[in-house]
Structure formats: C-alpha cells, structure tokens
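Trainee: Handing you this structure, nothing more for now.
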Amino acid sequence: MGLLFLQSLPGPKVFKCRCCKVDSAPHDAIVSKNFSGRYGPAYLINRVVNITMGPSEDRHLMTGWHTVNDIFCSCCQQLLGWKYEKAYDDSQKYKEGRFVLEKARVMKIG
Amino acid sequence: MEPSDDIESRLSRLGSRGLIDTTQFVRIIIQSLYSLGFNRTASSLESESGVRLDSAEHDRLLFDVMSGQWESCVSTINSIPGIDTSSLINASYLIWREHFFELIGSGCFLPAIEVLWKQISPLGVDSCRVHRLAQYLVCCEAMGQTGSVGSTVQRRISLFLDLVEVLPPYIRVPSGRLEKLVETAVLKQISSCQYHNLPKDITLFEDHKCWPEQIPSTCCQVLLEHKNEVWFVQFSHNGRYLASSSSDCTAIIWTVEDDDMVVYKHCLMGHEKPISFLSWSPDDTMLITCGNGETSKLWDAETSTLLATFSDPKRRIISSCAWFPSSNKVLCASSEPDNRIFACDLAGNVLDAWEGERIPKISDLAISPDGRLVIGICSEKTIWLCEFPQGKEKVIREERSITSLSLSRDGQFFIVNLNSEEIHLRKLDVDIGDGVDAVFKGHRQGKYVIRSCFGGSGCSFVASGSEDSKIYIWRRKCKSPIKVLMGHSMIVNSVTWNPARPHMLASASDDHTVRIWMAGATLQPSKKLGENLIS
C-alpha cells in the first residue's frame, strides 16, 4: 500500500514490533511497567511511532471507564495496545494522551 | 469635448477616483510621443492642449547652463517651489563644480580658488569631495595644465542631465514614464492571476486573467504497464522522458512525443526489491534507481543497460541519492548498520565518505542545480543544509516528521511534506531564518510517503499526491488548493510536472497506473475523450 513512512528511533534501547520488527517505542519513554493489558503485562509509554489508531471506544477497564483507541502497527497491522483518550476518574487523568503497549506484542532491543 | 477647448475647461482630474492630474497625464503622453518619434504630433498636442512638455524652470535652467550663467542657474534652482534642502545643496554643488572645472580648464586658478572658498565650501557637502577638488586644483596648478577636459558643450549637457536627476521630477518628465506605468499595471495583473501558467501574449485591451484551463486538469492517458503499485514518477530535465518506478521491482522509461502522447520505451529490470526512488542525471542520459532496503543501480536511459551497481561490502541500505551538476558524480545516503553519506563516481568507486557517530540517518537527499548546496532530511524532523564541500551549515527543526523533499528547478526554493498534512516551502539558502515561507494544506497524508513537486511556468505552482486518491494543486501564494484532480482509485504516491511543457502533469498511484493530465487549453477536442490505453 504505497511506500510506508517508517520512523526510526535513535537511542540504544528501543521496542520493536514482534512481527515485522519496525520500531515502536523508545525505552526511555516508559512511565510504568506495572500495567496489564489484554494479553498479559504491559507498559505505560509516553510516545509510540509507526502506529495507526483505531476508532474511539468507551471501555470499562480495571481502573474504571475510559475512552480509548486501539493502536496497530502500521506495517503489519498487529494490535499493539491502546491509547488513553480520556479518563473519567480524576485519579486516572495522568494516563490521558499516553499509550499502553502489550509486552507480548513487542520485543526489547538493546 | 470640442477639440479647440482650452485645458482649463477640461476636467482637471481623470480616472474614476480622481487620482490622476490631467496636466501630468498629458505631459506623459507628449513625452512618449516624442520618444516614439512622432515629433509633429507631439508638438501639435502641445499647442492644442496648452500643456508644454518641459516646465518653465526647465527651459530657463537649460538656457543658463548652456550659456554658462552660473549665478542665474542657482537662482533658478532656488526658485523652484517645493524643492528640499538636500536636493538644493546637491544641485548647487554640481553647478559650482562645473564652474570650478571650467575655470581651471581655462587656466584661471585664482577665480577657481575663490569659487571653492565662497561657493562650494559653505554648501556643507561631504568634505571629502571638497578636499578632492582642492587637490585637483593643486595638481593642475603644479603641472601647469590648462587644457580642457572634453568639449565644453558636452560637459554642460551632461551637467544638465545630472541636474535633472537631482531636481524634483516635475521639472522634466523621466524618460519612458508611460511605458513604466503600463508595465507596472500589467505585472500586477499577472501576479494576481491565479491560473497563469501557459505563456500567452499580454494584451492591453483587457485585464489579464487566466482561466482554470491553463492548469493540467483533464486526464488524457492512463498508463497500465506496471504490475503493482507505482511509487515514484519523474520527468527528465528536458521534459522528453518520463520514468516511473514500482513495487513490482521494475522501472519503466516512457517517451513524451511531440504531440504530447506518452509512449512506452523500455523497462529496467534487475532489482529484487521494490524501487522507492529514482533520479535522472542532469544531462538526462542516465538514471539511478534505489531499491527499498537494497542497493542502487545506475542505468543508461537510452539503451536500458545496467551500467553499475552501488553496493558496498557492508551491504548498507541506500535510502536516497542525488546527482552533482557535472553528471559524473553521485552523492548517496545510506544507513544500517551505520549512517554514512558518500560521494562516488559512475563506476561505484567511493570518492569521499562522511561517517561516524555524528552522522544522522538521512532519509532524503538533494543537491541544488548549481552544485553548491546539499540538503538532507535527517532523523525525519530536521532539515540540514550544507555548503559543499566545506562551508556553512544550517539546521532547521520541524515540528512533525518530514516524509519527502523536493527542489524547485531554479534552485531557489524547496518544499517538504510533513506528516501533519502540511507542505512547507522554504528558501534554499544557508543564511535563511527558521521561519517558513509558505504553508500548503488540504491534502491528506498520514502513514505513507507522499511526494510533491514544483511546476508550471516559473515554478509558480506546487502539486502533491494524497492518501485520498486525489491530486492537489496550489498556487505558491495561496494556502488552499486551487485545483483538485480526481481519477485515481487509490492513494497517489507521487506527482511530477513536466519542466519543458507546463501543461503536462503525471501522477503515480497504488492502483498500478500512471496518469497523464493535460491543461484543457492545449487539448484538441478529439483528445478530451476518456482514457487512451497503450498496448
């Protein structure tokens, strides 16, 4: 589908998509390692690259109601996690604009 | 209006807003008649309208200068109403200086000194000039020279011409004034003309305005030869060939015939990966193709033979390359495992290489047509300008990621496509500021590399592909598109505007086709039918 524009991340430690090995997120953008996603443990990350977002959905997660967008690797379309669009609980507001990256779907390099 | 009416009974102001003074208008007309050679008409217009071309002060001054009556020159100048002090001083200086030279020329040194003391110094002009005159006096006296410096009449004529430059313009109408005014109006119309593309004679009888038919807007040909997505198209510099590259790992060269039909020439096969980038040599004899994550190959454009392969022992990926104007050296940017920029000759021998920790990953590279500036897109968000080979550098940071780069044909400007669906235009200069010269919006871009180009006569238009399968054309001064071309069914990856034929545009799309668009104004009626399939 056209020439995909793939961003590359500098820095020694990056996360790459497990399927197609394009860069997904830098290691130093991790906010928390104690999250759990749909498939097991996950990270909360500030910044991801080379993703496409799905539509907005309201979901009831362990910590309450949130509006989230699923994120997919732009190269192989694998589901990598989601992005917090809006949190309805004040204690969860810090998550807004950040991403959850499933550990099972990425691999750590470096 | 009866022709024998005097000027006072006519309107004293012309034009719908009353801005134009009739007397001045008539004087300008008389001046242009004289300059065209219609002396009789001009003088009869002078007598009929009662308006003289030259003002009274002009005639008095001319008489005084030519007869050498310097005091009355100065008093004439002083009597000019509305003259400002600095012009007065300059004019007086010129007159007295001429008097000074003539006195020296005829050997009267003592009167010359008097003139210098009494007339020139009190004027308050730049003291260096006064000192130089004094030096000249001493030299002449010492050498006993008295000879004239050129004929007196000629000197006085040139003095008069210098004087009218310094004095207010109404003394004498500047030459070519009417032509200059008309030209200004025409240029203004051209610059505000939105679709001005094809060269057309300017007529004075009506305001110049171009219609959308000047811009390529009708799809005349659909080229189906590629078997997979077409990622890149580019016309050659002379506009006679078109090269397209595709994810079916081939590149095709097409010929643009004299009747503007595009005909298949031959196919360049040999890559094993999709070809993401190609570049014509400045003399249009050779083509470089870069595979996506593979090496680059150099081809002869005429015969389609493979001349060289730029690979290197470390099997680096070459992301982009650019030609030097001499057509025998190429600059390549490669990455993985380490970033490297290298210049090599046509056989693939590396001449110069920049590598190391500090070299960033360059995704797009270009060289200005005169070979002085190198531009690279580093780490997706930075534009790097560098004078080649050694020289000043300039780094500009963009907010969002840059996907592609394109230079204008004259090497003055460049455009970058950003991820945020904007195209930024900047001046190609190491000394520019960080501000953007123009921003174009309206197209869609998000995931893919979309390329844009300059085009049209004088590179006054910008065209870009888009992810919504349309082609957008902007005028350089305007943020919104002036034309949107529809026809492709999938995203348009790249567009290119024919440099030699400003009415022709080509576009490459994921729907496996290359489309040729032409301006309605140049088409014969028979060609406006839908698609011509090339077998």
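Trainee: Go through the stretch B:2-56 and count every residue that is part of a helix (DSSP H, G or I), within 30 Å of B:Ile77 (Cβ to Cβ) and either of a type in the set (S, T, N, Q) or modelled with pLDDT under 80 (or both).
Mentor: Quick first cut of the stretch B:2-56, residues part of a helix (DSSP H, G or I) only: B:7-9, B:22-36, B:39-49, B:56.
The next check asks that each one be within 30 Å of B:Ile77 (Cβ to Cβ); those that pass are B:7-8, B:22-35, B:39, B:42-43, B:45-47, B:49, B:56.
Now drop any that are not either of a type in the set (S, T, N, Q) or modelled with pLDDT under 80 (or both), which leaves B:7-8, B:22-24, B:31-32, B:35, B:39, B:43, B:47, B:49, B:56.
Here the count works out to 13.
Trainee: Check every one of the helices (runs of 4 or more DSSP H) wholly within the stretch B:99-206 and list those with 3 or more residues that are of a type in the set (Val, Ile, Thr). Give the steps one after another, and end with the answer.
Mentor: Details: elements: B:109-115, B:127-143, B:152-166, B:177-191.
In the stretch B:99-206, B:152-166, B:177-191 are the helices (runs of 4 or more DSSP H) which contain 3 or more residues that are of a type in the set (Val, Ile, Thr).
Trainee: Scan the stretch B:438-460 and tell me whether some residue there is without any contact (Cβ under 8 Å) to a residue 60 or more places away in the chain, β-branched (Val, Ile, Thr), assigned to a strand (DSSP E or B) and in contact with a Phe, Trp or Tyr (Cβ under 9 Å, 6 or more places away or on another chain).
Mentor: No, there is no match, as no residue in the stretch B:438-460 is without any contact (Cβ under 8 Å) to a residue 60 or more places away in the chain, β-branched (Val, Ile, Thr), assigned to a strand (DSSP E or B) and in contact with a Phe, Trp or Tyr (Cβ under 9 Å, 6 or more places away or on another chain).
Trainee: Condition first: within 21 Å of B:Ala463 (Cα to Cα) and touching a Phe, Trp or Tyr at 6+ places or on another chain (Cβ under 6 Å). Now tell me which residues in the stretch B:377-404 satisfy that.
Mentor: If the condition is that a residue be within 21 Å of B:Ala463 (Cα to Cα) and touching a Phe, Trp or Tyr at 6+ places or on another chain (Cβ under 6 Å), then B:Thr403 is the only one that fits.
Trainee: Go through (1) within 18 Å of B:Gly458 (Cβ to Cβ); (2) modelled with pLDDT under 90 and name the single condition B:Lys527 misses.
Mentor: In the conditions (1) within 18 Å of B:Gly458 (Cβ to Cβ); (2) modelled with pLDDT under 90, B:Lys527 misses (1) alone.
Okay, residues lined up against (1) surrounded by 12 or more Cβ atoms within 10 Å (Cβ to Cβ); (2) over 30 Å from B:Phe101 (Cβ atoms); (3) touching a residue at least 12 places away in the same chain (Cβ under 8 Å):
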site	(1), (2), (3)
B:Pro122	no, no, no
B:Asp126	no, no, no
B:Leu161	no, no, no
B:Val166	yes, no, yes
B:Leu178	yes, yes, yes
B:Gln189	yes, yes, yes
B:His208	yes, yes, yes
B:Trp211	no, yes, yes
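Trainee: Moving to a separate point now. Cβ-Cβ under 6 Å, sequence separation 6+ or interchain: first residue in the stretch B:25-46 and farther than 25 Å from B:Gly15 by Cβ, partner modelled with pLDDT of 90 or more and of a type in the set (A, V, I, L, M). Which pairs?
Mentor: Once the first residue is farther than 25 Å from B:Gly15 by Cβ and sits in the stretch B:25-46, no partner that is modelled with pLDDT of 90 or more and of a type in the set (A, V, I, L, M) comes close enough.
Trainee: Can you pull out every residue in the stretch B:267-288 that is in a strand (DSSP E or B) and either away from chain A (no Cβ under 14 Å) or over 35 Å from the mean Cα position of the chain (by Cα) (or both)? Break it down into steps so the answer makes sense when it comes.
Mentor: Going through the stretch B:267-288, the residues in a strand (DSSP E or B) turn out to be B:267-269, B:275-280, B:286-288.
Within the stretch B:267-288, B:Cys267, B:Leu268, B:Met269, B:Ser279, B:Trp280, B:Met286, B:Leu287, B:Ile288 qualify.
Trainee: Could you list, ordered by first residue, the pairs with Cβ atoms under 7 Å in which the first is in the stretch A:90-110 and farther than 19 Å from A:Val22 by Cβ and the second is of a type in the set (Ser, Thr, Tyr) and buried (at least 18 other Cβ atoms within 10 Å of the Cβ), at least 6 apart or interchain?
Mentor: As it stands, the answer is A:Lys95/A:Tyr84; A:Glu96/A:Tyr84; A:Gly97/A:Tyr84; A:Arg98/A:Tyr84, since those pairs meet every condition given.
Trainee: Ok, one more. Could you run through the stretch A:57-78 and say how many residues are among the β-branched types (Val, Ile, Thr), buried (at least 18 other Cβ atoms within 10 Å of the Cβ) and more than 14 Å from every other protein chain (Cβ to nearest Cβ)? Can you show your working first?
Mentor: Of all residues in the stretch A:57-78, those among the β-branched types (Val, Ile, Thr) come to A:63, A:67-68, A:71.
Then drop every residue that is not buried (at least 18 other Cβ atoms within 10 Å of the Cβ), which leaves A:68, A:71.
Among the residues that remain, those that are also more than 14 Å from every other protein chain (Cβ to nearest Cβ) are: A:68.
The number of residues fulfilling the criteria is 1.
Trainee: Test B:Gly435 against the stated conditions and say whether it is small (Gly, Ala, Ser), within 14 Å of chain A (Cβ to nearest Cβ) and at negative phi. I'd like the intermediate steps shown before the answer.
Mentor: Details: small (Gly, Ala, Ser): yes; within 14 Å of chain A (Cβ to nearest Cβ): no; at negative phi: yes.
When the stated conditions are applied, B:Gly435 does not pass them.
Trainee: Quick one: in the stretch A:1-33, of everything that is in a strand (DSSP E or B) and surrounded by fewer than 17 Cβ atoms within 10 Å (Cβ to Cβ), which residue is nearest to the other protein chains (Cβ to nearest Cβ)?
Mentor: Initial filter on the stretch A:1-33 (in a strand (DSSP E or B)): A:4, A:14-17, A:23-26, A:30-33.
With surrounded by fewer than 17 Cβ atoms within 10 Å (Cβ to Cβ) added as a condition, the list becomes A:4, A:30-33.
Values: A:Leu4: 6, A:Ile30: 21, A:Val31: 23, A:Ser32: 26, A:Lys33: 27 Å.
Restricting to residues being in a strand (DSSP E or B) and surrounded by fewer than 17 Cβ atoms within 10 Å (Cβ to Cβ), the top hit is A:Leu4.
Trainee: Let me ask another. Given the options B:Ile377, B:Ile402, B:Ile415, B:Ile396, name the one that is of a type in the set (Val, Ile, Thr), under 18 Å from the mean Cα position of the chain (by Cα) and surrounded by 14 or more Cβ atoms within 10 Å (Cβ to Cβ). Let's see the steps before the verdict.
Mentor: Working: B:Ile377 fails: under 18 Å from the mean Cα position of the chain (by Cα); B:Ile402 fails: under 18 Å from the mean Cα position of the chain (by Cα); B:Ile396 fails: under 18 Å from the mean Cα position of the chain (by Cα).
Only one candidate passes the filter, namely B:Ile415.
Trainee: Check off (1) within 14 Å of chain B (Cβ to nearest Cβ); (2) under 12 Å from the mean Cα position of the chain (by Cα) for A:Lys103 and give me the number that stays unchecked.
Mentor: Among (1) within 14 Å of chain B (Cβ to nearest Cβ); (2) under 12 Å from the mean Cα position of the chain (by Cα), A:Lys103 violates only (1).
Trainee: Same structure, new question: Of (1) farther than 22 Å from B:Asn417 by Cα; (2) modelled with pLDDT of 80 or more; (3) crowded, with 18+ Cβ neighbours inside 10 Å, B:Ala333 satisfies all except one. Which?
Mentor: B:Ala333 satisfies every listed condition except (1).
Trainee: Would you confirm whether any residue within the stretch A:34-43 is more than 13 Å from the chain's Cα centre (by Cα), closer than 22 Å to B:Gly293 by Cα and part of a strand (DSSP E or B)?
Mentor: No: the stretch A:34-43 contains no residue that is more than 13 Å from the chain's Cα centre (by Cα), closer than 22 Å to B:Gly293 by Cα and part of a strand (DSSP E or B).
The values are calculated or read from the model by the stated rules, or taken from the named source; none is laboratory data. Everything numeric in this text was worked out from a predicted model, so none of it was measured. As a convention, Cβ positions derive from the backbone with ideal geometry for all residues, glycine included, and neighbour counts pool all protein chains shown.
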